[in-house]
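Take this structure, written in structure tokens, and hold onto it; I'll ask about it next.
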Amino acid sequence: MEELAIFGGTPVREKKIFYGRQCIEQDDIDAVVNTLKSDLITCGPQVEALEKMLCEITGAKYAVVVANGTAALHLAALAAGLGEGDEVIVSSITFAASSNCVLYCGAKPVFADIKPDTYNIDPASVRKLITPKTKGIIAVDFTGQAVEHDELEAICRENNLFFIEDAAHAIGTKYKGRPVGSIADMTCFSFHPVKTVTGGEGGAITTNDEQLYRRLMRVRTHGITRHQEEMVHPTDALWYNEQVELGYNYRMTDFQAALLHSQLNKLDKFSARRKEIVKKYDEVFSEMPEIFVQREIPESDTTRHLYILRLNLDKLTCDRRQFFDALYAENTCPQVHYLPVYWHSYYEKLGYEKGLCPNAEKYYEEVMSIPLYYSLTDDEVEDVIHAVKKVVAYYRR
């Protein structure tokens with residue numbers, strides 16, 4: 001048995017591989033430089049071109065690009081009309097922004113449990129949480145896999161709820177052949193560097209509803225409009241604009257938009273490579289009783305953002321922390337996605353307690369994300385697999 005690096009053995013590889021990273025190529029750099037040399041570097045033609053491209057990719061009628069994915073969620077919650085006394089059912093395994101956006105509006109997040117095999121929000125759990133105060137659902141396409149749209153949409157129709165899809169992980173994913181971004185009332189994207197495509201930062205909301213679109217455009221820019229039909233005191237003066245509601249400065253720069261536009265031109269190849277790596281991991285890890293492989297529903301054609309390594313701790317002599325540290329010492333550097341949101345100390349202060357979502361809590365104790373990104377080479381993929389096998393062999397019961 002190979003001695004683990006954490007105990008003084010030789011690591012599988014010399015250089016560290018982290019769980020995610022961006023791929024910036026010369027055409028991306030050229031797009032940014034050309035925009036920086038142009039007359040407009042914020043909220044100009046590149047932003048408009050990006051919004052048009054997002055509509056083409058997702059099939060949505062409208063797209064609004066914003067500063068980041070959190071801004072997208074906040075604006076979607078505002079456009080949905082959330083306020084004091086409202087409740088919104090939210091995924092429990094997600095980045096905190098998915099529920100923070102509810103708090104920003106003065107409403108209350110209510111956490112639904114996940115399915116133990118797909119790690120996505122469980123529609124059965126959602127149904128049990130609906131009350132007269134429930135106004136909507138924010139469901140996360142966790143790891144990039146589409147949520148169960150048919151079931152969630154049926155719940156929303158039956159109870160007159162809005163449906164916001166948090167697709168921060170899921171650009172390029174399809175559900176029953178329909179691109180994510182064209183299905184929910186509003187869909188929110190994130191373009192952080194570890195995502196499939198990046199603008200450095202950046203986010204977007206897509207929708208098919210013109211009224212939602214117009215409000216999103218206003219609240220993105222301070223609640224100010226130049227459209228006479230939206231003004232209280234309309235005029236055709238070219239200089240005039242009017243703040244008609246309280247909004248925010250959530251705009252994206254033109255050079256970020258140029259980078260993201262260039263990245264989206266490569267979405268198909270980025271997606272294909274991620275699928276190749278996921279297939280290789282699945283083939284190897286599905287043969288190992290010490291590891292559970294995430295189940296994918298047949299309706300989802302998934303561009304995976306994260307690859308979750310879930311440990312069958314009954315067959316190992318270590319806990320998740322020991323496994324994580326050993327893998328890190330082998331220079332395969334994982335991350336954990338995510339702490340159940342209501343376990344954060346801020347949410348504890350709001351009165352949330354452990355035990356709300358048993359599947360989510362068990363999931364958290366057993367998982368880590370291993371490297372998955374476009375520029376991961378075949379040799380690096382093999383090194384990751386070797387490292388996982390080495391740690392499993394050492395701790396196998």
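If we keep just the residues of the range 257-316 that are part of a helix (DSSP H, G or I) and polar (S, T, N, Q), which is farthest from HIS337 (Cα to Cα)?
Applying the filter and picking the extreme gives SER262.
Let me ask something else about it. Looking at the range 33-70, which of the residues that are small (Gly, Ala, Ser) and in contact with an Asp or Glu (Cβ under 9 Å, 6 or more places away or on another chain) is farthest from GLU165 (Cα to Cα)?
If we take residues in the range 33-70 being small (Gly, Ala, Ser) and in contact with an Asp or Glu (Cβ under 9 Å, 6 or more places away or on another chain), then SER38 is farthest from GLU165 (Cα to Cα).
Among the residues of the range 156-178, write down those that are within 12 Å of the chain's Cα centre (by Cα) and free of Cβ contacts under 8 Å to residues at least 40 places away in the same chain.
GLU165, ALA167
So which of TYR328, TYR342 is of a type in the set (Ser, Thr, Tyr) and within 25 Å of ASN120 (Cα to Cα)?
Answer to the selection: TYR342.
Looking only at the range 326-355, count how many residues are over 16 Å from PHE142 (Cα atoms), touching a helix residue (DSSP H, G or I) at 6+ places or on another chain (Cβ under 6 Å) and either surrounded by fewer than 22 Cβ atoms within 10 Å (Cβ to Cβ) or of a type outside the set (Val, Ile, Thr) (or both).
6
Filter the range 24-45 down to the residues that are assigned to a loop (DSSP other than H, G, I, E, B) and not small (Gly, Ala, Ser) and list them by number.
Matches in the range 24-45: ILE24, GLU25, LYS37, ASP39, LEU40, ILE41, CYS43.
Can you tell me which residue in the range 49-72 is farthest from GLN263 (Cα to Cα), limited to those that are in a strand (DSSP E or B) and not β-branched (Val, Ile, Thr)?
If we take residues in the range 49-72 being in a strand (DSSP E or B) and not β-branched (Val, Ile, Thr), then TYR62 is farthest from GLN263 (Cα to Cα).
Do we have LEU212 as over 30 Å from ARG274 (Cα atoms) and either assigned to a loop (DSSP other than H, G, I, E, B) or more than 21 Å from the chain's Cα centre (by Cα) (or both) here?
Criteria met by LEU212.
Additional query: Would you be able to tell me the number of residues in the range 13-34 that are surrounded by 16 or more Cβ atoms within 10 Å (Cβ to Cβ), more than 14 Å from HIS261 (Cα to Cα) and over 22 Å from the mean Cα position of the chain (by Cα)?
Going through the range 13-34 one residue at a time, the tally reaches 1.
Inside the range 86-109, can you point out the residues that are over 19 Å from SER369 (Cα atoms) and either outside the structural domain of ALA167 (by TED's automatic domain parsing) or not hydrophobic (A, V, I, L, M, F, W, C) (or both)?
Listed by number, the residues that qualify are ASP86, GLU87, SER98, SER99, ASN100, TYR104, GLY106, LYS108, PRO109.
Another question, if that's okay. Check PHE323 against each of (1) surrounded by fewer than 19 Cβ atoms within 10 Å (Cβ to Cβ); (2) touching a residue at least 40 places away in the same chain (Cβ under 8 Å); (3) assigned to a helix (DSSP H, G or I) and name the one condition it does not meet.
The one condition PHE323 does not meet is (1).
Here's a follow-up. Output the residues belonging to the range 240-261 that are crowded, with 21+ Cβ neighbours inside 10 Å and within 22 Å of the chain's Cα centre (by Cα).
Listed by number, the residues that qualify are TYR250, MET252, THR253, GLN256, ALA257, ALA258, LEU259, LEU260, HIS261.
Moving on. Which residue, of CYS333, CYS357, is hydrophobic (A, V, I, L, M, F, W, C) and more than 12 Å from SER92 (Cβ to Cβ)?
None of the others qualify; the one that does is CYS333.
Here's a follow-up. What number of residues within the range 350-397 are charged (D, E, K, R), within 22 Å of ARG321 (Cβ to Cβ) and without any contact (Cβ under 8 Å) to a residue 40 or more places away in the chain?
Summing the residues that are charged (D, E, K, R), within 22 Å of ARG321 (Cβ to Cβ) and without any contact (Cβ under 8 Å) to a residue 40 or more places away in the chain in the range 350-397 gives 2.
The values are calculated or read from the model by the stated rules, or taken from the named source; none is laboratory data. The structure presented is a predicted model; accordingly, all values stated were derived computationally and were not measured. So basically every Cβ, Gly included, is an ideal-geometry build from the backbone, and we count neighbours across all protein chains shown.
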